[in-house]
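Undergrad: My questions all concern the structure below.
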Amino acid sequence: RRVRLYPDCQALPRYLPSDHELAAACEERMGTPMITSWLTWATLTSSAASLITAIAALIAFIFLSRQQRQTERQIAGATSRYMYEEMSKLLGILLDNPDLRPFIYEGRSLDRARTSRQRQRVLSIAGLYSDFFEQLLYQRNFGNLSRDEYTGTWQQFINTILGSSEVLRNFALENPSYYGAAYLELVMTVHRSISAKKLSDALSADLPSD
C-alpha cells in the first residue's frame, strides 16, 4: 500500500491505482483544486527564497561596509602617524641648524643669507618643506588623510608657514616642474593674497592723514 502526501491534503491511506485518482480523491475531500494548492505552495516557496536572499544580501552589505570603514580608519591612522614623523624630522633639522629657522618661520628672505653655503642649506630645507606640504595635499586628495585632521590641523599649518616664508613661496614658484598643480595653486593663492595685502598697506600709507 502506498501513502502519498499532498499540500493541504490529509494522507490517503488507501491503495490508488494512479496519481490521477489520488489527485481526484484529494480534490473531492478538500474541495480545492490540486493545481491551486500546488501554485500556492510554489508561490510561498519562491517568496521565502527571495526573502532569504534579500536578508543575506543585506547582511553581506553591512559586513562589507563595516570592513571598509575599518580599513579606511586604519589607513588614515597610519598616514597620520607617518606625516607627524616626517614633520618631526624637519623640526629636528631646524633644531640642529637653528640658523635656518628664521628663513622658514620668521620671513627672512634668501638674500639675507650670510654665505653661499648657508644659501644652499636654506634652499635645501625649503625643498624638504615644500615636498612635505605637497605630500600632505597628495594624501588628502587620495583620501588617506581624514578631512577632519587636514582641515583642523594641517591646512592652517601649511597656510601659515607659506604666508610667513618668502623662501618657500619663491622656491615653488621658481621650480614649478618639481611640484603638481594642486600645490602650485595653493602657493599662488597665498602669494596673491600677500601681494594684495602689501599693495593695500602701501596705498593706505600714501593716503594723507586727517
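Read-outs: derived from the displayed coordinates by stated rules, not from any lab. Keep in mind that this is a model prediction, so the values were computed, not measured. Here the Cβ positions follow ideal geometry from the backbone for every residue, glycine too, while neighbour counts run over all protein chains shown.
Undergrad: Work out how much length Y82 to S204 would gain on full extension: take 0.36 nm times their residue separation and subtract the Cα-Cα distance, in nm to one decimal.
TA: 39.4 nm
Undergrad: In addition: If I model a spin label at Q120 and S46 as a point 7 Å from the Cα along the Cα→Cβ vector, what separation in nanometres do I get?
TA: 8.3 nm
Undergrad: Please give the per residue volume of the convex hull enclosing the alpha carbon atoms of region 108-166, rounded to a whole number of Å³.
TA: Enclosed volume per residue, from the Cα hull, is 66 Å³.
Undergrad: A further question on this structure: Mind grabbing the base-10 log of I(q)/I(0) for region 138-203 at q = 0.11, 0.17, 0.29 Å⁻¹? Debye formula, identical points on the C-alpha positions, no solvent, two decimal places.
TA: Reported log10 I(q)/I(0), two decimals: -0.31, -0.68, -1.24.
Undergrad: Just subtract the alpha-carbon distance of T151 and I59 from 0.36 nm times their residue separation and send over the number in nm, one decimal.
TA: Additional length available on full extension: 29.7 nm.
Undergrad: Provide the per-residue ³J(HN,Hα) series for region 144-157, in order, calculated from phi with Karplus coefficients 6.51, -1.76, 1.60 and θ = phi - 60°, each as a whole number of Hz, with x at glycine and proline positions.
TA: Running phi through 6.51 cos²θ - 1.76 cosθ + 1.60 with θ = phi - 60° gives 7, 10, 5, 4, 4, 5, 5, 6, x, 10, 6, 4, 5, 4 Hz.
Undergrad: How large is the dipole of region 97-175 about the Cα centre if only Lys and Arg carry +1 and Asp and Glu carry -1, each at its Cβ, rounded to the nearest 20 debye?
TA: Rounded to the nearest 20 debye, it is 320 debye.
Undergrad: Under the Karplus relation 6.51 cos²θ - 1.76 cosθ + 1.60, θ = phi - 60°, what is the ordered set of whole-Hz ³J(HN,Hα) values for region 91-104, x standing for Gly and Pro?
TA: 5, x, 5, 5, 5, 7, 10, x, 5, 8, 4, x, 6, 9
Undergrad: Sticking with this structure for a sec: What does the convex hull of the Cα atoms come to per residue for region 65-185, in Å³?
TA: 99 Å³
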